[in-house]
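What follows is calculated from the coordinates using simple rules that are stated; it is not laboratory data. Nothing here was measured: the structure is a model prediction, and the numbers come from that model. Here Cβ is always computed from backbone atoms with ideal geometry, including for glycine, and neighbour counts include all displayed protein chains.
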Amino acid sequence: MSAVTAPPIITGWGIVSALGTGAAEFTEAVLRGADGAVDASGMFNEPLPRNTACVLPDFDIRERLGRKGTSTYDRLTGLTVHACGLALEDAGLPARAPDTEEVGLVLGTNLGSARSTWEFDRKTYLQDRPYLVNPALFPNAAFNAAAGQTAIRYGLRGINTTLAAGPPAALAALRYARNALRGGHATAMIAGAAEEYSPQNAWLARHWHGDRQARLLGEAATLFALEPAPVGAARRGRAELLAVELVTGEADSEAVSATVEDCVRRALDLAQVAPEDVDLVVTCGGPANCSRTRAEEQALGRLLPQTDCRRHRVADTAGDCLAAAAGVQLATVLAWFCSPQLRPRRAVALVTSLGWDGAAGAAVFRRCPDDRSDHRL
Amino acid sequence: MPRRVVITGVGPVSPIGTGVRAFTDALRQGRCGISELTGPEFADFPTRYAGAVTDFDPSSTVERLAPDQWGRTSLLGSAAARLAVRDAGLDPARIPRHRAGVSMGTTGGESRLVDQGTAQWIGKGLDHLDPGLAHQLPASRMAEAVARELGWTGEAMTIASACAAGNYAVGYAYDVIAHGDADYMIAGGADSLNRWGYAGFYRLGAMAARACAPFDRGRDGMLVAEGGAAMLLEPLESARTRRAHIYAEVLGYGLSCDADHMVAPNSTGMATSMRRAHRQAGVEAGEIDYICAHGTGTPSNDAAEWRAILDVFGNSPPPTSSVKSMLGHTMGAASAFGVLACAVGLAEGFMPPTAHHQQTDPGLPHLDPVPGRGRPARLNRVQNNGFAFGGNNAITVLGRVE
């Protein structure tokens, strides 16, 4: 039923994460096998479930982004704005109106900034009167603050959308962006997801993961420039988005395993890729005794039984970045696409992701041919 | 060639009524759903008027969800979705479930659970949060709740673009069906009244003392509200094959971002989204018979919105009313209620009115706010406006199907 159109192309990306800021730094860190875990115990006054996390404890909004317009940014907004600037630059897209009139932004989140919302709410209880809150911080309590501030920073007057999708949020954003391009709503889309580390997220995540373990968490902002094919000769395509699928199911682990399997099958079908032709699978991963992790691994075992494709689990070194998890996974795919170790030339990669409550996402990417790729590393 | 997409079922759970019959009657009569909040979380506010769904009983409507496992916002949306499929005469179990999905808009998600969680944080610390509360908190559950309620396995997209999210959700569902990714979509929005949202709007000086009177000379603000609004969208062809009642066709939508200020209304950005919607829907401004305004009732929104409308429509804009005068501002559900009101108006031949209207603001020239009660009219093309924090603007265009 779907119209036959060429898959959109990722023409650049930006990342701010414990493994590196910017595509080059992150790529180098991934291929080196760097570990992003640091001591995060001094970041907040509130107690935390564990001392280590894959975070940027020294990330300073004013230092990175200047004073102008940044006074009300929360951490999530700062990370997102920074990553978007890097993505625009990497893609060679303009970062000034009026050329950005139909450049859109779609950002995947879990709860926006849970810390901003909870701290705003806390003030209603701790002040003499519940309404004695700081009105300048009210927008940060809504989910779409980071996307709105990012648009202001770069003059992005196209679509501006915020999605709430948990760990698959970056895949939801890619799907939304693909639809926007297909429907003629934008000339280019910046799509991805972001998550900040905070005491709220750290404590809540123990329940979201379902096992009460204080696992290694992370934070990251990941944004990808998506443009319709073909992109001009002056632009460098990094990957084709062959398919991105989202499905919903029941929340028990048996159902989750079947749901993610079904989702991957659909994505591979739409991408017209056989399971044995997948060269790289990037999952979030997590503790081996986590039922969610097991469910996903079992599904992949059924789907890709004998293939010797490369596997990469991002949570081991980048932390579980919650809403940004699938974004970090895609960034890891793009890092591997820069490596001559990954063959063939038009390698195919699969990203899978589990939502909190039985939803799943899967996306299939193919490396764009690039004569320079063999010389890059 | 994209498929034509129609609305064949509507499900309102609102301060002015639940179910299409009660909602339509109230809409036509211009009945007001504002009441005084009695909950202890609102006791310390000087004024406490809002649009509450005081009679909401999820267990009387939802069939598959266990109400104690889901937050109020998810339940408002799921109840609305259940009503929409019933209204459409569709048995959700009898369609290919992987071809059916959900897109739901929200501003605050499970905002009421944030109130409870914050109280636990203050009382016992973050390390003692109730696991059930934590589990129910993620906003992605809003769309997933609807999918689970209907037993559907297609995509469940929660769009969190604040107070324009309902229009975003309808637009997204339209694209998904038009291009063949799914055959049925529930699209809508939901939000719950909560303490922090009330505090924020109160502190911004945006809240009316007693009544929401959009476009009125004496208007003094908005009133926050809650509710769930859902619609069933499907291809025109399948609706005709199964002889469904068709409310309206979704002709298209347009989105824009002000990229200017986080909260101040911006008429340039609003006008851009209207022009994009008209272009995408293939209509001229002059063909629009009625506008369902964002119309919050704040002096600044209504003035900016009217400037945008005059910019796009010239000096003969169509009648323009605000259903927020009756419902209050239902946040992420607001523009979904707007689409729903437009759909009902197209099908039943009336323009929804602006309640509480005494004297039109002389600063809003050429405005016909459809004061008081609904006005009988044969509508062909209508437009629904939604604007939000973050400079997020979203417009949908609907048409009548013969």
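Overview of values
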| read-out | value |
| --- | --- |
| Debye-sum result for segment A:37-98 in log10 I(q)/I(0), which assumes one identical scatterer on each alpha carbon, at q = 0.15, 0.26, 0.27 Å⁻¹ | -0.61, -1.14, -1.16 |
| Residue among A:101, A:296, A:261 with the largest mean-square fluctuation in a Gaussian network model of chain A, springs linking Cα atoms under 10 Å | A:101 |
| Square roots of 5 times each gyration tensor eigenvalue, C-alpha, the protein assembly as shown, largest first, Å | 39, 28, 25 |
| Rg/Rh (Cα only; Kirkwood hydrodynamic radius) as it applies to segment A:239-368 | 0.93 |
| 18 Å tail of the calculated P(r), segment B:250-399, as % of Cα pairs | 51 |
| For A:241-247, mean number of other protein chain Cβ atoms within 10 Å | 3 |
| Number of partner chain Cβ atoms within 10 Å, mean per residue of A:110-122 | 5 |
| Partner chain coverage, peptide A:178-189 - average Cβ within 10 angstrom | 4 |
| Within a Gaussian network of chain B (alpha carbon springs, distance under 10 Å), most fluctuating of B:356, B:128, B:261 | B:128 |
| Dipole of the protein assembly as shown [Lys/Arg +1, Asp/Glu -1 at C-beta], most positive-end residue of A:137, B:303, B:263 | B:303 |
| Low-density loop positions, trypsin sites (Lys or Arg not before Pro), segment A:301-351 - DSSP coil, at most 13 other Cβ in 10 Å | A:345, A:346 |
| Kyte-Doolittle mean at least 1.0, axial Cα span of 18 Å or more - DSSP H helices of chain B | B:334-348 |
| Packing-based exposure ordering (other Cβ within 10 Å, fewest first) of B:124, A:68 | A:68, B:124 |
| Under-5 Å amide H pairs with residue B:377, H placed in peptide plane, nonlocal only | B:350, B:351 |
| For peptides A:88-94, B:6-12, sequence by mean Cβ density within 10 Å, most packed first | B:6-12, A:88-94 |
| Segment A:59-128: projected area of the alpha-carbon convex hull, averaged over directions, in nm² | 6.7 |
| Cα lying deepest toward the dipole's positive end in segment B:29-122, options B:96, B:109, B:85, charges on Cβ | B:96 |
| Segment B:196-230 versus segment B:122-179: alpha-carbon centroid distance in Å | 24 |
| R0 of 45 Å, Cβ-Cβ distance residue A:274-residue A:70: FRET efficiency to nearest 0.05 | 0.40 |
| Cα-based Rg / Dmax (Å) for chain B | 19.5, 61 |
| Cα convex hull volume per residue for segment A:9-227 (Å³) | 132 |
| Value in Å of the Kirkwood radius, where segment B:5-241 supplies the Cα pairs that are averaged | 18.5 |
| Candidates A:316, A:308, A:279: whichever shows maximal mean-square fluctuation once chain A is modelled as a Gaussian network with Cα springs under 10 Å | A:308 |
| Amide H contacts under 5 Å for residue A:108, placed H, 5+ residues apart | A:163, A:192, A:193, A:194 |
| Over the protein assembly as shown: helical MRE at 222 nm, DSSP H runs n ≥ 4 each giving -39500 (n - 2.57), nearest 500 | -10500 deg cm²/dmol |
| Cα centroid separation, segment A:203-252 to segment B:236-288 (Å) | 29 |
| Cα-derived Rg to Rh of segment B:1-78, Kirkwood definition | 1.08 |
| Segment B:259-315: GluC sites (Glu not before Pro) in DSSP loop, at most 11 other beta carbons within 10 Å | B:284 |
| Extension gain from residue A:6 to residue A:266, taking 0.36 nm per residue of separation minus the Cα-Cα distance | 91.8 nm |
| Volume per residue of the C-alpha convex hull in segment A:1-115, rounded to whole Å³ | 188 |
